[in-house]
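See below for the structure under consideration.
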Amino acid sequence: MTIIKAALLGYGTVGQGVYTALKTHRQQLKKLLGAEVEIAGVLIKDPNKKRDIDPDILITTEFEDILNIPGLQVIFEAIVGEEPGFTYLNRAIEKGIQVITANKVMFARYGKVLLQKGQKYGVSVGYEATTAGGVPIIRTLKQLLQVNKINRIQGIVNGTSNFILTEMRSRGISFDEALQLAQRNGYAEEDPTSDISGKDAFCKTMILSELAFGKQPIWSDVELEGITSITEEQVQQALQLNLRYKHVADIYQENGTIKASVKPILVGESHPLFSVDGVDNAITVEASLLGRFTLTGPGAGKLPTASAMVEDLADIFTVKKRELQPSI
Ligand SMILES: NC(=O)c1ccc[n+]([C@@H]2O[C@H](COP(=O)([O-])OP(=O)(O)OC[C@H]3O[C@@H](n4cnc5c(N)ncnc54)[C@H](OP(=O)(O)O)[C@@H]3O)[C@@H](O)[C@H]2O)c1
């Protein structure tokens, strides 16, 4: 049986999700790809943490050890921040290793560079998991862009903010109380800054812009606001008028310029994002031929995010399998 050798960079929520998904969906992948996907190495930061990883898998803090795995074909990157993720994926591409990333902070800044580099070296770069977790927005846009033009994208792309706004409305509680609830439920990090400041949504918005419009707006021109200033009173006043606060990323093109904002807005019942509650993400796309549609689903979490990464793997290696088949 042919083996596809893989390595994980990071073994946190997402890395563990990929590890689990590759195990639980082994047969499905084997049938699809005609090969076993084998995890050969895992890169971590803290060597003292206890990990539930098969003993025959290399666990290392040195990226060189990962690069030196003989016959390594694919890397799943699920670490945090622009660096060292960018440097690691650059080096992997130079070695002809396929890369799949969930790292939105890194990809918002360097996605274009990595995609161009990937083209140069004949390597695929999967990034479905960077935006809206398990919701297949990247592959949907890629498919549509073959013919359609994208006119506008509006989305709820941060589940933590959406959960907080939903709880403030439905329970009549304050921002602080809703944030604590999100933390108790595991929907918000101990340091929730990136989610509630809008920064996390901003990164996803830049990734969507690059894909849909081939460029990003100038970052400092994007109106960026989180949800921290929304009060209990504002939420309840809006409710009286049957309006809801939603934290929305909005991108469209006007006279060749990309306009983008990431901020709380009030929406009425007829808005496609009105009923999107809790930790769900939802993205509404307006396309030239198809018109308007909305994708909704889990925007984060261990298995939804792993699902996006393993789907990327399936895409990359089914194409490779087809390329290797003799033409009749
Ligand atoms: N969590 C989600 O639902 C989700 C969804 C979509 C995208 N993402 C993105 O996926 C990435 C991973 O998220 P996560 O939630 O899995 O994070 P996490 O739970 O904090 O795990 C991060 C992992 O990366 C490792 N790591 C961090 N810096 C490293 C370095 N310099 N060298 C080697 N390993 C390093 C950590 O090692 P130790 O274990 O040794 O500390 C840990 O295993 C992030 O970029 C995040 O934005 C997350």
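For residue 215, a cut-off of 16 angstrom between C-alpha atoms picks up these aspartates and glutamates, skipping any fewer than 8 places away in its own chain: 250, 254. From the P(r) of the range 198-328, could you give the percentage of C-alpha pairs in the tail past 23 Å? Of all Cα-Cα pairs in the range 198-328, 49 percent lie more than 23 Å apart. Across the chain, Cα-Cα pairs farther apart than 32 Å form 32% of the total. Per residue, the average separation of C-alpha pairs within less than 8 Å and at least 6 apart gives the range 137-298 a relative contact order of 34 percent. Straight Cα distances below 20 angstrom link residue 30 to the aspartates and glutamates 38, 54, 311, 312, 315, 323, with same-chain residues fewer than 8 positions distant left out. Look at the dipole of the range 252-328 built from charges on Cβ: of 267, 296, 318, the Cα furthest out on the positive end belongs to 318.
Amide H contacts of residue 287: 151, 292, 293, each under 5 Å away and 5 or more positions distant or on a separate chain (H built 1.01 Å from N in the peptide plane; Pro and chain starts excluded). Applying the Karplus relation 6.51 cos²θ - 1.76 cosθ + 1.60 with θ = phi - 60° to the range 109-114 yields 3J(HN,Hα) values of 7, 10, x, 4, 4, 5 Hz, where x marks Gly and Pro. Here the range 132-202 and the range 254-301 have alpha carbon centers that stand 11 Å from each other. The candidates 271, 247, 25, arranged from most to least accessible area with a 1.4 Å probe in the full protein assembly, appear as 25, 271, 247.
Run the numbers on the chain and let me know its relative contact order in percent, using alpha-carbon pairs under 8 Å that are six or more apart. Relative contact order, the chain: 21 percent. Expressed as a fraction of 2.2 N^0.38 Å, the C-alpha radius of gyration for the range 118-228 is 1.26. Taken about its Cα centre, the range 1-136 carries a charge dipole of about 360 debye when Lys and Arg each add +1 at the Cβ and Asp and Glu each add -1 at the Cβ.
Around the amide H of residue 9, modelled in the peptide plane, lie the amide H atoms of 43, 76, 77, 78, all under 5 Å away and 5 or more residues distant in sequence or on another chain. Packing, as the average of other Cβ atoms within 10 Å across residues, places the peptides 157-164, 297-304 in the order 157-164, 297-304, highest first.
About its Cα centre, the range 137-298 has a charge dipole of approximately 760 debye under the convention of +1 per Lys or Arg Cβ and -1 per Asp or Glu Cβ, with nothing else charged.
Pairs 49/104; 120/263; 142/199; 112/321; 50/104: which exceed 30 Å Cα-Cα? The answer is 120/263. With all protein chains in place and a 1.4 Å probe, the accessible surface of the chain carries 49 percent carbon and sulfur. For residue 190 and residue 320, the difference between the fully extended length at 0.36 nm per residue and the C-alpha to C-alpha distance is 42.7 nm. The residues of the chain have, on average, 48 Å² of accessible surface per residue, using a 1.4 Å probe with all protein chains present. If the cut-off is 16 Å between C-alpha atoms, which aspartates and glutamates fall inside it for residue 246, apart from same-chain ones fewer than 8 positions away? Correct list for residue 246: 167, 195, 200, 223, 225, 232, 233, 269, 277, 280. The residue 120 and residue 38 beta-carbon pair, evaluated with R₀ = 25 Å, returns a calculated FRET efficiency of approximately 0.35.
The values are calculated or read from the model by the stated rules, or taken from the named source; none is laboratory data. The shown structure was predicted, so the numbers you read here are calculated from the model rather than taken from an experiment. All Cβ positions, glycine included, derive from the backbone under ideal geometry; neighbour counts span all protein chains shown. Note: areas computed on protein heavy atoms with side chains; ligands, DNA, RNA excluded. Shrake-Rupley method; radii C 1.70, N 1.55, O 1.52, S 1.80 Å.
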